[in-house]
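The values are calculated or read from the model by the stated rules, or taken from the named source; none is laboratory data. What you are looking at is a predicted structure, and each value in this text was computed from that prediction instead of being measured. Cβ: placed from backbone, ideal geometry, glycine included. Neighbour counts: every protein chain shown. Note: accessible area is taken over every heavy atom of the protein model, side chains too, but ligands, DNA and RNA are not part of it. Shrake-Rupley method; radii C 1.70, N 1.55, O 1.52, S 1.80 Å.
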Amino acid sequence: MVERALSSGGLYRKPSEFLAPDGSPTQWNGSILEFPGKESESSLCQGGQLGKTMESSRKVSKPSVVSWNKTLMDCARNGNLDQAESVFEKIPNPNVASFNIMITAYAQAGHVYKAKRVFDRISKPTEVSWNAMVAAYAQEGFLMEGSDILKRMPKLNSVAGIAMMLAYARSGHIDESERIFRALPDSNVFSWNAMLSSYTINGYVEKARDLFDRMSGRTVVTWNTMVSAYGQAGKVLEAKEIFEEMAERDLVTWNAALQAYARNGHIDEAERLFEEMPVRDVTSYTSLMTGSHHSLDRAKTLFDMMPEHNVVSSTAMLDLYARHGYLEEAVDVFVKTREHNILSWNALMLAYFRNDLFEEAKLVFFGMPQKDVVAWSSMLSSYAQNGHLREVGSLFYTMPEERDQIAWSSIIAAFAQFGHIQDSIKLFKLMVLEGVEPEKGCVRTVLSACSHIGLLQEGWNLFVSMRDDFGIEPSREQLCCVIDILGRAGKINQAQQMVESFSFVPNAAELGTLLGASRLHFDTSCGRQAATQLLQGVDPSNSAAFVGLADLIFAS
């Protein structure tokens with residue numbers, strides 16, 4: 001099927017050419033979290049050798065728990081969870097090491113609740129048991145459960161502490177990361193590096209630098225973290241200073257500095273550093289390639305120069321082709337990629353969206369082996385833009401992923417745009433109650449819709465509720481919508497008072513809205529004041545203000 005897709009012409013771009021008839025991918029290799037120390041193809045758990053080996057072992061002698069554990073470890077390392085479960089249940093008298101292996105195996109596969117059931121069977125958990133269970137919860141982002149296990153530990157250690165520090169950091173709870181860091185009894189360079197990473201994950205570069213300056217035993221990992229942190233924050237000079245100050249550098253160091261230059265538009269410096277690198281890997285080429293996105297030829301040259309391609313580099317090249325309008329080339333990269341992940345599938349779907357091929361993008365979406373919130377939100381947004389309200393609602397309520405701002409904004413905007421204002425208001429309130437902070441454009445959409453179809457009281461109630469009930473500070477665009485709502489309702493004085501209460505100088509949009517409301521309700525006094533403020537200070541060349549003021553005076 002792939003060869004046919006590559007050789008055929010015409011409608012080469014159709015996803016059906018590289019999706020199986022049932023919509024499944026022809027090249028999908030499902031990825032699982034690898035157990036540390038993955039064994040080779042000669043594993044006892046592969047090729048049906050497990051049963052034969054264990055049966056032979058029984059004939060010779062009764063297998064010891066050590067033998068059972070070795071087989072169990074072998075299955076777990078190779079991702080054969082079903083066989084690992086089978087072996088585990090056959091162990092006559094499992095010891096704590098047996099339980100620990102299964103906890104780790106379940107955790108690596110994402111089955112945290114199964115891991116917890118195994119943990120609960122241990123009469124006397126060891127430090128390894130506690131660490132494994134904390135790590136399982138931390139890996140899946142189960143902060144409450146992980147914190148509970150952490151508190152129950154007989155003695156807190158850096159392994160479990162670091163796992164929860166990073167889990168909290170990934171969820172934005174940096175204060176909890178700091179609390180655990182301060183509580184660690186055996187603080188070491190690993191815990192300091194973890195706290196440093198926690199700061200950089202959340203963009204606290206100054207806090208990271210303060211911690212960095214207080215560290216006594218810095219490693220190359222410590223320095224690399226700071227180079228990356230400055231690069232991600234757009235502070236290229238600081239990243240360069242750290243890089244040049246380093247006594248020891250590894251490939252990660254060079255790549256971090258290269259990314260700092262490339263992602264911030266310093267392509268000449270990135271090219272120079274790339275040439276100076278003592279050794280390069282696929283990350284080096286990909287970093288420079290994505291930084292050279294304005295030059296597709298250079299990006300393609302770098303892609304072709306790579307010693308090997310991985311899913312990251314191929315997805316980056318796919319995205320670059322799509323952004324420049326070369327859809328066939330983008331699909332060709334996807335088809336030739338040996339393995340795919342959720343990012344590559346998302347990139348393919350977005351490539352079709354960018355080229356206004358909605359049906360093809362939909363085919364990719366429903367053929368994806370797995371979907372994340374980005375995929376769901378992108379599809380939802382596309383349905384909304386195309387006016388498919390029924391599909392928008394159906395897709396929204398079947399989303400298995402946690403709905404983000406994009407998903408909520410898409411469905412709210414869709415209903416508002418096509419006149420279902422009451423539904424959009426209800427969805428807006430539900431979104432806020434679920435703890436999703438509305439983006440500025442979403443609020444502006446609903447307020448504007450309320451204003452234009454005459455639901456003035458609803459719009460005003462939404463504004464008051466947003467500010468007083470939910471503590472959301474309105475933006476200038478939202479305030480402008482509220483001025484329009486008050487003006488259309490004939491409450492010119494209230495609209496004028498709102499403008500006068502601004503902590504900032506009103507701009508042309510806000511004063512123009514107030515002038516328009518004054519014209520609508522023949523309020524000459526307010527209209528004169530708005531026009532004067534607009535023409536004398538904000539925008540003296542605003543011809544619409546002259547016309548509006550003249551119309552108002554003439555009408556009165």
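Okay, residues lined up against (1) touching a Ser or Thr at 6+ places or on another chain (Cβ under 6 Å); (2) open to solvent by 50 Å² or more (accessible area, probe 1.4 Å); (3) not in a helix (DSSP H, G or I):
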{"position": "Met289", "(1), (2), (3)": "no, no, no"}
{"position": "Pro307", "(1), (2), (3)": "no, yes, yes"}
{"position": "Arg338", "(1), (2), (3)": "no, yes, yes"}
{"position": "Leu343", "(1), (2), (3)": "yes, yes, no"}
{"position": "Gln370", "(1), (2), (3)": "no, yes, yes"}
{"position": "Trp376", "(1), (2), (3)": "no, no, no"}
{"position": "Leu380", "(1), (2), (3)": "yes, no, no"}
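Would region 147-155 turn up any residue that is surrounded by fewer than 18 Cβ atoms within 10 Å (Cβ to Cβ), within 24 Å of Ala109 (Cβ to Cβ), acidic (Asp, Glu) and without any contact (Cβ under 8 Å) to a residue 24 or more places away in the chain? Looking through region 147-155, at least one residue is surrounded by fewer than 18 Cβ atoms within 10 Å (Cβ to Cβ), within 24 Å of Ala109 (Cβ to Cβ), acidic (Asp, Glu) and without any contact (Cβ under 8 Å) to a residue 24 or more places away in the chain. Of the residues making up region 17-40, not a single one is at pLDDT 50 or above, under 30 Å from Val364 (Cβ atoms), part of a loop (DSSP other than H, G, I, E, B) and open to solvent by less than 50 Å² (accessible area, probe 1.4 Å). The single condition among (1) surrounded by 15 or more Cβ atoms within 10 Å (Cβ to Cβ); (2) in a helix (DSSP H, G or I) that Tyr113 does not satisfy is (1). Between a first residue in region 72-89 that is in a loop (DSSP other than H, G, I, E, B) and a second residue that is open to solvent by less than 10 Å² (accessible area, probe 1.4 Å), which pairs have beta carbons less than 7 Å apart while being 6 or more apart in sequence or on different chains? Listed pairs, sorted by first residue: Asn78/Ser43; Asn78/Cys45; Asn80/Cys45. Here is the figure for region 125-165: residues that are assigned to a loop (DSSP other than H, G, I, E, B) and of a type in the set (Lys, Arg) total 1. Screening Glu308 with (1) over 29 Å from Thr253 (Cβ atoms); (2) among the charged types (D, E, K, R); (3) touching a residue at least 12 places away in the same chain (Cβ under 8 Å) gives one miss only, at (1).
For region 171-200, the set of residues classified as under 21 Å from Phe243 (Cα atoms) and either touching a Leu at 6+ places or on another chain (Cβ under 8 Å) or among the acidic types (Asp, Glu) (or both) consists of Trp192, Ala194, Met195, Leu196, Ser197, Ser198, Tyr199, listed by residue number.
Scanning region 241-268 for residues that are without any contact (Cβ under 8 Å) to a residue 24 or more places away in the chain and crowded, with 17+ Cβ neighbours inside 10 Å gives Ile242, Phe243. None of Tyr321, Tyr352 is aromatic (Phe, Trp, Tyr) and open to solvent by less than 20 Å² (accessible area, probe 1.4 Å) except Tyr352.
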